[in-house]
Each structure stands twice: as structure tokens, then as C-alpha cells.
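Trainee: Sharing a structure with you now.
The values are calculated or read from the model by the stated rules, or taken from the named source; none is laboratory data. Given the structure is predicted, the values throughout are model-derived calculations rather than measurements. Heads up, the Cβs are rebuilt from the backbone with ideal geometry, glycines too, and the neighbour counts pull from every protein chain shown. To get the accessible areas, we keep the full protein, side chains included, count just its heavy atoms, and leave off ligands, DNA and RNA. Shrake-Rupley method; radii C 1.70, N 1.55, O 1.52, S 1.80 Å.
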Amino acid sequence: MAAPLMAACDAGSGGSHGDGKTVTLTVMYKNNELTKEHVAGFEAKNPGIKIDLIEYDGTRLNAMLASNEPPDFVRGAAVGSASGNAQKLATNLDPYLDKSSVLKKDDLLPANDSFRWDGKQIGQGPYYGIVKDWSQDATLWYNQALFAEAKIKMLSTTEPISYDELLEIGKKLTKKTGGKTQVYGLGVEWAWNLWAPISMMIVQQGGLLYNTDQTETDMTTPQAVRALRWYVEFARAGVGPTSLDPAPDGADLSLFLAQRMAITQDGYWYGGNFAKESDAVRNSIAMAPAPVMGDKRISPTYAGWGAYIPAKAKHKDEAWKLMEYFMAGPPSEERAKSGWGIPALKSQLSLMPQQLAYQKQVYQTQQAELQYAGQLPDSPYVGAAGAWNPVLDKHLQRAIKNEITVEAAGKAITDDMNKLLKQGKDQIG
């Protein structure tokens, strides 16, 4: 949430209609995810419930929450949910999960654990949301034809490469002519997220992003400085787009499809882009495990989009019916079969597409990767990527341009983020 909003958290069910009248469920979601067909399917199965679908808008949502008139069902990410849970904005879903015949705790994959909150930290305690689908977003996709052309050994589809090795390979794959880049060796989706991959690098080295009570960060530790230095070296080497050399459309995909990028760091969902491409494209791509920096192998999701039921929702029981339908019913099966994300339920893993040759390889790599899923650190006092990314980008740029050292960038990031963390702590209490 953009601003702290206090609300009472009701851990039980509520909002049922008992007068036989139709209940209108206010839902805030993206209409390309919760589609007209999904709405029609739900209403057909639940004739006493109608859905009023509002296109997701963070500003409007905050206004609705602040006025104590929230939607009944809201799109939200598991990663970054600590802030909203600390403000008691979401309903404890455990009473519903304990009674449900279609959504069971033992069927939920680890991405859902980022929606758990025990009053102090994520990863344990009750569930306050359910993931619709997810990806381990640090995995690698690479163009085998570009590797062969450069006479470079293909990445392993079973064993992770180190970040240092990855950067060296990226340099070798990069092609420049007349000062212009013809082929980028490696893309890291710089414009999308810096906080999550840098946090992952720190955790992989056994480091900590926050102190014990998550009120402060220290980006001057050896683990943090090593992660920041990697990004500075990546940018200085010109092996991939950055905020100083942005991709044409702010993302790697167009470059990757045009064979102007050899490796891109994206999750399993990325494979959905290739199903309708030519055989030439599909036969040249492969997926590799997430790289490692240190001895602790972790391959987390950077978001884990799903839904929660606001604590002050008027129709919680009906919202739960939509949760069951959307997360375990036909829409979830449709998503699982599409290849646009890993299902959130263990029981649906077998639905992931394996018809095409590249899908079979991706499926095998992804199944092996699941055991390394874990949670990124999430402080309740600061938004995740939204708060961190501008600060990281600002000071990384200064280091890239040699205005400051990497160590000084770490100190500046620490100072800026600790101010934000203190503000968040003071507001929430």
C-alpha cells in the first residue's frame, strides 16, 4: 500500500447474505487476468452473486481503503504484502482454508508463503492472500543459436551458473559495431526490478537485508557491496540494457525475439511468449536455473500476484467463493495449461504444457528448480520494489559514472532507505 491505512482485522468469516437477495461483489482486478469469461463462469455457478469488476488502480484502492469502503476481493502481490498485513488491511484466510474442499494448505506451493504473516514477519503464521500463479524470476532464458555462433558452451539446464561466470559469458556474447550494440549478451530486466535480484544475491551469500526487527538495512556489508558491484560492472561492460542505456520498449522481449539478446533473466512465465512463434525461434531457446552468488541456492519469486480479501470487506464469504473459483477452479486450470506462470497449487503442476520440444525442456528444468524456492526479505515498514528500486537505481547510476565508489553507493542507499524505514515505522507504530 502506498500509505499506511489502519483497519481492524477480522479473522473469521462474515458478510454472508441470508435474505435470498443477490449480493454484488466489488472486485478490483486487472481485466486481462480476471476476464469477462471468468466473471460469467463464476456468476453461472453462483446465481446469488454478481460481480462489479473495477480495473485495478492503486491510487483508487488506497482511497477506498482509507474511506473504509474497500472492494471485497483485490489483486495483490505476495512479495511486499508485509506492509499491508502490518496495517491489518487483509483478512486472515486460515478459517476459510481449514473448511475449504478445493483450497487446502498442504496443496499450496511455497510462493504462497510470502502471503503468510505471524504479526512480525512473513513466511509463517496465517495466510492473508493466495497466489494465482508465479515464477521463479531469476531463471535464465538463452538463445542457443547465438551461443553456437560465438562458439560458447551452452548453459546447463540442470546446474546453476555463478553470477560472475554469467557476466563473463555475457561479455563474450555481446557484439558492438561503431559504438552501437548489435547483440546484448545478457539482459536483467533492469527497468523492472533491482531490489529483488540484489536481495537474492545478498541472501545467497548468507547475508541479511534487514536487522532483526526489520527497521533498518545495511547495504555496506560485504554481501551487499558485492551484489552492487556486480550491477555496476554489468552496466560498465555494456552487456545489457540499464537505465543509462535502456531497452527500446523497457523490456528484454523484443530484443530477445529479434536475436539481439543472447540471455535474458526472466521467470517461467516468459515461455508463454514463444508458444506461437516460429519453429526457428522455439527450437533455439532454452531455460537454465537461476544463477548463484554464494553458497546458498535460492530461486524466489519477485512478486507472486494473487488476491486478498480486505479486512473491512462487506461480503467476505462470497469473496471466498470467488477465491476458490479463481485460484482452484477453471481459471486456474486455464492459466496452468497456458504456460504463462507456475500454478500456485501442487495438484496442478502436471497441467503445465509439455507439448512442444522447448516446453518439455522448460518443464524439466522448472520442476527441479522448485525445491529452491524461498521468500525474499520483506519489511512491514517499507514497500518492496516500489520503494527500493528508485533509490538503488539513483546511486548505482552514480557509481557506474564513477561519481562515487560502490562502497559510497552502498552507504548512500543505506541512508536513504533507513529514512524511509523510519517513516514507515513511525506511521504504523
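Trainee: So for segment 27-131, what are the equivalent ellipsoid semi-axes in whole Å, largest first, each being the square root of 5 times an eigenvalue of the Cα gyration tensor?
Mentor: 23, 19, 12
Trainee: Additional query: For the chain, what does -39500 (n - 2.57) per DSSP helix run (n ≥ 4), summed and divided by total residues, give at 222 nm, in deg cm²/dmol to the nearest 500?
Mentor: Computed mean residue ellipticity for the chain: -11000 deg cm²/dmol.
Trainee: Can you divide the C-alpha Rg of segment 62-216 by 2.2 N^0.38 Å and report the result to two decimal places?
Mentor: Normalised by 2.2 N^0.38 Å, the Cα Rg of segment 62-216 equals 1.41.
Trainee: Further question: What do you get for Rg/Rh of segment 290-429 when both radii come from the Cα atoms and Rh is the Kirkwood radius?
Mentor: We get a ratio of 1.08 for segment 290-429.
Trainee: For Lys151, give me every one of the lysines with a C-alpha distance below 24 angstrom, ignoring sequence neighbours fewer than eight places off in its own chain.
Mentor: Lys171, Lys172, Lys175, Lys176, Lys180
Trainee: Computed over the Cα atoms, what is the radius of gyration of segment 189-291 divided by 2.2 N^0.38 Å, N being its residue count?
Mentor: For segment 189-291, the normalised Cα radius of gyration comes out at 1.28.
Trainee: Please give the net charge around Glu189, taking every other residue with its beta carbon less than 9 angstrom from that of Glu189, where Lys and Arg add +1 and Asp and Glu add -1.
Mentor: The answer is -3.
Trainee: In whole Å, what are the Cα extents of segment 194-249 along the three principal axes, biggest one first?
Mentor: That gives 41, 21, 16 Å along the principal axes, largest extent first.
Trainee: Find the accessible area per residue for segment 367-406; the probe is 1.4 Å, ligands and nucleic acids are left out, and the unit is Å².
Mentor: Using a 1.4 Å probe on heavy atoms only, each residue of segment 367-406 averages 40 Å².
Trainee: If you project the alpha carbons of segment 143-208 onto the principal axes, what extent comes out on each, in Å, largest first?
Mentor: 41, 29, 16
Trainee: Quick one: check the C-alpha center-to-center distance for segment 248-262 versus segment 109-181, whole angstrom.
Mentor: Cα centroid of segment 248-262 versus Cα centroid of segment 109-181: 16 Å apart.
Trainee: Counting Lys +1, Arg +1, Asp -1, Glu -1, what net charge surrounds Ile198 among other residues with beta carbon under 12 Å of its beta carbon?
Mentor: Residues near Ile198 contribute +1 overall.
Trainee: How many percent of all Cα-Cα pairs in segment 369-429 sit more than 15 Å apart?
Mentor: Percentage above 15 Å: 58.
Trainee: Something else about it: What Rg and what Dmax come out for segment 208-366 when only alpha-carbon atoms are used, in angstroms?
Mentor: 19.8, 55
Trainee: In addition: Among the trypsin sites (Lys or Arg not before Pro) in segment 386-429, which ones are in a DSSP loop with at most 12 other Cβ atoms within 10 Å of the Cβ? Mind listing them?
Mentor: Passing both the DSSP loop test and the Cβ count: Lys401.
Trainee: Taking segment 242-331, which trypsin sites (Lys or Arg not before Pro) meet the DSSP loop condition and have no more than 12 other C-beta atoms within 10 Å?
Mentor: Lys276
Trainee: Hey, what's segment 218-265 come to in accessible area per residue, 1.4 Å probe, Å²?
Mentor: Result: 37 Å² per residue.
Trainee: Which net charge results when you count Lys and Arg as +1 and Asp and Glu as -1 among the other residues whose beta-carbon is under 12 Å from that of Pro380?
Mentor: Here the count lands on 0.
Trainee: Where the accessible area of the chain is counted over protein heavy atoms with a 1.4 Å probe, how much of it, in %, is carbon and sulfur?
Mentor: The value for the chain is 50 percent carbon and sulfur by accessible area.
Trainee: Keeping all protein chains in place, calculate the accessible area per residue for segment 74-206 (probe 1.4 angstrom), answer in Å².
Mentor: Per residue, segment 74-206 has an accessible area of 37 Å².
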